[in-house]
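Single-structure report; data block below.
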Amino acid sequence: MSNDNNVTGQTLYEASFDPMDSSHGRVVLSLSFVVSVVGIPFIPFLLLFARWYYPEYMNRISARLTTNAVEIQKGVFFRKESTIPLNRITDVRLHDGPVMRHYGIRGIRMETAGQSGQYAGSEGDLVGVIDAPEFRDLILRQRQKVVGGGETSEASATPTGTSPGILAEIRDILARIEAQGRKDS
């Protein structure tokens, strides 16, 4: 843990990435070309390119958990810097596939509020994080601190500053709108 301060707060944890991820990337890319009959002649060129690209990618990827956000930097040709506020994170998942398991690596996927639909991608997707379960747990614990929370009870389930009476009124208005929509159809 370092003590540097920045816009999103003090750094609490800096993730490390497994160098085996570059081997995983080459295997996945090769398999995708083998599946494509057109890609088979390009496999030798692909493997030469991948020997340079994946180590370079691993040198440029970083993820930090700060007091208020998760900061991610990655990319070789097209670089991407993301700052994901902890109060927007709705889920942090671990994932791995057969090739990832073979190389002993796992990924972390951070879902945020506002993402939906079949093609919605995850805002924070990291593959090859060393000790991914620990990093996930740290993110979730810090998120709880930021969001201000213990367990949600029925009393605290209503948004701050609202009363059950207002919510009942909103429910009734929505019911009237829905009934009006059925009449018009």
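The values are calculated or read from the model by the stated rules, or taken from the named source; none is laboratory data. On a predicted model such as this, the values are computed, not experimentally measured, just so you know. We place every Cβ from the backbone using ideal geometry, glycine too, and count neighbours over all the protein chains shown.
For the reader, a short list of remarks on this structure follows.
- Candidate set: segment 106-132, residues that are buried (at least 16 other Cβ atoms within 10 Å of the Cβ), in contact with a helix residue (DSSP H, G or I) (Cβ under 6 Å, 6 or more places away or on another chain) and not β-branched (Val, Ile, Thr); chosen: the one modelled with the lowest pLDDT: Gly128
- Residue count, segment 38-53 (criterion: at pLDDT below 85 and within 30 Å of Met110 (Cβ to Cβ)): 2
- Matching residues, segment 78-94, being surrounded by fewer than 14 Cβ atoms within 10 Å (Cβ to Cβ), assigned to a strand (DSSP E or B) and touching a residue at least 12 places away in the same chain (Cβ under 8 Å): Thr90, Asp91, Arg93, Leu94
- Which numbered condition Leu174 misses (of (1) at pLDDT 70 or above; (2) under 23 Å from the mean Cα position of the chain (by Cα); (3) surrounded by 10 or more Cβ atoms within 10 Å (Cβ to Cβ)): (2)
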